[in-house]
Structures are given as structure tokens and as C-alpha cells.
1. Looking only at residues that are in contact with a helix residue (DSSP H, G or I) (Cβ under 7 Å, 6 or more places away or on another chain) and within 11 Å of TRP54 (Cα to Cα) in the range 85-102, which one is surrounded by the fewest Cβ atoms within 10 Å (Cβ to Cβ)?
2. Taking the stated definitions as given, is LEU111 within 22 Å of ASP173 (Cβ to Cβ) and aliphatic (A, V, I, L, M)?
3. So, LEU142, is that one touching a His at 6+ places or on another chain (Cβ under 7 Å) and more than 12 Å from the ligand (Cβ to nearest atom) or not?
4. Hey, among the residues in the range 120-147 that are over 10 Å from the mean Cα position of the chain (by Cα) and part of a strand (DSSP E or B), which one's nearest to ASN75 (Cα to Cα)?
5. Can you find a residue in the range 139-148 that is touching a Ser or Thr at 6+ places or on another chain (Cβ under 9 Å), exposed (fewer than 10 other Cβ atoms within 10 Å of the Cβ) and either farther than 26 Å from GLN60 by Cα or of a type outside the set (Gly, Ala, Ser) (or both)?
6. Output the residues belonging to the range 72-119 that are within 13 Å of the ligand (Cβ to nearest atom) and part of a loop (DSSP other than H, G, I, E, B).
7. Do we find a residue being exposed (fewer than 15 other Cβ atoms within 10 Å of the Cβ), within 16 Å of VAL156 (Cβ to Cβ) and more than 16 Å from the ligand (Cβ to nearest atom) anywhere in the range 50-70?
Amino acid sequence: VFERPAPINHPIHELLTRRWSTRAFTDQPVTDEDVARLFEAARWAPSSGNGQPWSFIVAQRKQTEEFEKLASVLNSGNSWARAGGVLILAVATLDRSPGNANRHAWFDVGLASENIALQACAMRLGFHMMAGFNAEKASEVLEIPERYAPVAMMVVGHPAHPDTLEESLRDKDMKPRHRKPFSEFVFTGKWGVSEPLV
Ligand SMILES: Cc1cc2nc3c(=O)[nH]c(=O)nc-3n(C[C@H](O)[C@H](O)[C@H](O)COP(=O)(O)O)c2cc1C
């Protein structure tokens, strides 16, 4: 299996260094039990007031019609995701009750989605989140009521070597991984002021 571990500066959990967003998948289907385990992980995410403002529309490849519905709302730049075994659309419940907006809904959907990402990683499945899809079309095709907003799509599958991808995608999946240093995002006292943590 192709690994792309994060080049870390401080030791962190192995699951976090091993997770990355793969684009190459094999034909091997994801089992029903594996899919259930992914959503069990989502279920146990924390959320503001335990509101659990997430829903997921899921389709396995064998559910041809449902899979195609989800695939049809992907941007063309994310066509590689059609090779995955499972497509998922994450949806936020925008209010806690009528007229009472939930300011944290998208945040909580992100937490549940990252739980899926990490559980997939723990199960040696490939995973990739995608903002590149048509949210309006998704609401239409999937008949999502107005109270709910499509947030992001995800693909899960058994990972393949990036060698199996066309050249431009292969390069993306094999280049070194980068992150901002602490000095650009960890502040002390006031905005923009960073001191060494150690
Ligand atoms: C909300 C969200 C939307 C994303 N949308 C896309 C996308 O549409 N297409 C894509 O190829 N990657 C997408 N990504 C993947 C990011 O590019 C990727 O997470 C980032 O480059 C860091 O790489 P890593 O996940 O391998 O650590 C998205 C990630 C997130 C969290």
C-alpha cells in the first residue's frame, strides 16, 4: 500500500500522520459492515448542544442508480472520485428549531465528517473530501428540503497506488505534503502574535 505520512515536527497519533486524501481506488467494493462502521464513527462525533446537525446521503457502487445521482453533482475536476466504492454527501441541519439558526451546524458536520475520515484511515480505506460539487443541483436531484444545506461530498474506497492515475492526478498524489508553521496560526495574547510553544 502506498503511504504518504505527514512530515511532522512533533509526535502525534499515527492515525493522524497516516491520513491523507487519496484519489486512486481499486475495484474492490467496500463492505456493508465497513459502511456501517463509518457512520457509527460519525454518530459519535461531538456537537454543539448534542444537536447532531448532520445527515449523510450515501451510495455504494452496487447501488448503481443512487451512486450515479451523487456522481452527477461532482465537478468535472473531481471525476476521479467515480472510481471509489462509496460516495457520500454531508448535509447540515441549519436550524435547531424553526427560526432558531444553529451557528455551529457546519462546524459539527465537519467534526462528524472527520470522524468518518479517521475511521476510514483506521480501516485502511482511502478517503477524500470534496467541496467541488454543485450544491444547488444536489438539493434538486436528491430532494433536500430548504432547512438543510449540502456541505461537502466524500469518497471512500480501497486505495490504489497513484501510479494507476493519469499523470496530472498522479503528480498531485505523490508530491510532498505541506502545512503552515505554528507561527502563522497559533497566537498568544492577541491576533497575529505568535510565540514559540516549546
Ligand atoms: C471541505 C474540503 C473540501 C475539499 N474539496 C476538494 C475537492 O473538491 N477536490 C479535491 O481534489 N480535494 C478536495 N479536498 C482535499 C484537500 O485538497 C486536502 O485535504 C488538502 O490538500 C490536504 O491534503 P491531505 O488531506 O492529503 O492532508 C477538500 C478537503 C476538504 C476538507
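Readers should treat all values here as calculations from the given coordinates under stated rules, not as data from a laboratory. Computed from a predicted model, the values in this text were never measured in an experiment. Counting neighbours? That spans all protein chains shown, and the Cβs are built from the backbone with ideal geometry, glycine included.
1. It comes out as LEU94.
2. Values: within 22 Å of ASP173 (Cβ to Cβ): no; aliphatic (A, V, I, L, M): yes.
Taking the combined requirement at face value, the residue does not satisfy it.
3. So LEU142 fails the test.
4. Selected residue: PHE133.
5. Start the filter on the range 139-148 by keeping residues that are touching a Ser or Thr at 6+ places or on another chain (Cβ under 9 Å), which leaves 141, 144-148.
This time we only want the ones that are exposed (fewer than 10 other Cβ atoms within 10 Å of the Cβ), so: 145-146.
Next, only the ones that are either farther than 26 Å from GLN60 by Cα or of a type outside the set (Gly, Ala, Ser) (or both) stay: 145-146.
Yes, the range 139-148 has at least one match.
6. VAL73, ASN75, GLY84 - these are the residues of the range 72-119 that are within 13 Å of the ligand (Cβ to nearest atom) and part of a loop (DSSP other than H, G, I, E, B).
7. Within the range 50-70, the first condition is being exposed (fewer than 15 other Cβ atoms within 10 Å of the Cβ), and the residues that meet it are 50-51, 62-65, 68.
Then drop every residue that is not within 16 Å of VAL156 (Cβ to Cβ), which leaves 62-63.
Restricting the remaining residues to those that are more than 16 Å from the ligand (Cβ to nearest atom) gives 62-63.
Yes: the range 50-70 contains one or more residues that are exposed (fewer than 15 other Cβ atoms within 10 Å of the Cβ), within 16 Å of VAL156 (Cβ to Cβ) and more than 16 Å from the ligand (Cβ to nearest atom).
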